[in-house]
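K.L.:
Take this structure, written in C-alpha cells, and hold onto it; I'll ask about it next.
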Amino acid sequence: MTRQRMKLGKVNSQRVERTQRGFGQRLHSRPMPAQIHLRAWTVDGLLLGVAQRNDEFFVALFDATETAVAPPVSFAGPRARAQAADCASGLLGRTVTF
C-alpha cells in the first residue's frame, strides 16, 4: 500500500497559517535595545565601551568627545560574552568580567 501525501489545500486559509506558524523557532519580532555593560578609560585616554544587543556583543573605542575611533568589533555565538570580555581585558590591561 502506498503512502499518500497530505495536502494542505488553500495555503492562504487560517488553519494552514496556524499549522505553519507552529513549526520552527519563534524569534522576537523586535530586537531588544542595546545594553551597555562597561565604560572604562584606557591608559591611552580612549574610552572603551562594551554593549550587548540580543545575543551579540560589541566592543568599541571612542575618543574624549565620544566619537568612535574605529568600527566596533562584534562577537556572536555561544562564547560571545567571554570573547568580548577577553577583548576588553586586552585593551584595558586588566581583567574584565561582566
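Readers should treat all values here as calculations from the given coordinates under stated rules, not as data from a laboratory. Being a predicted model, the structure only gives us computed values, none of them experimental. As a convention, Cβ positions derive from the backbone with ideal geometry for all residues, glycine included, and neighbour counts pool all protein chains shown.
K.L.:
For the stretch 29-92, build the charge dipole from Cβ charges (+1 Lys, Arg; -1 Asp, Glu) around the Cα centre, then report which of VAL73, GLN52, LEU38 sits farthest towards its positive end.
P.N.:
My answer, from the dipole projection, is GLN52.
K.L.:
Count the net charge of all other residues whose Cβ sits under 14 Å from the Cβ of ALA34, scoring Lys and Arg as +1 and Asp and Glu as -1.
P.N.:
+1
K.L.:
Once a ≥ b ≥ c are taken as the square roots of the eigenvalues of the Cα gyration tensor of the stretch 29-92, is the result rounded (a/c under 1.5), prolate (a/b larger than b/c) or oblate (a/b not larger than b/c)?
P.N.:
oblate
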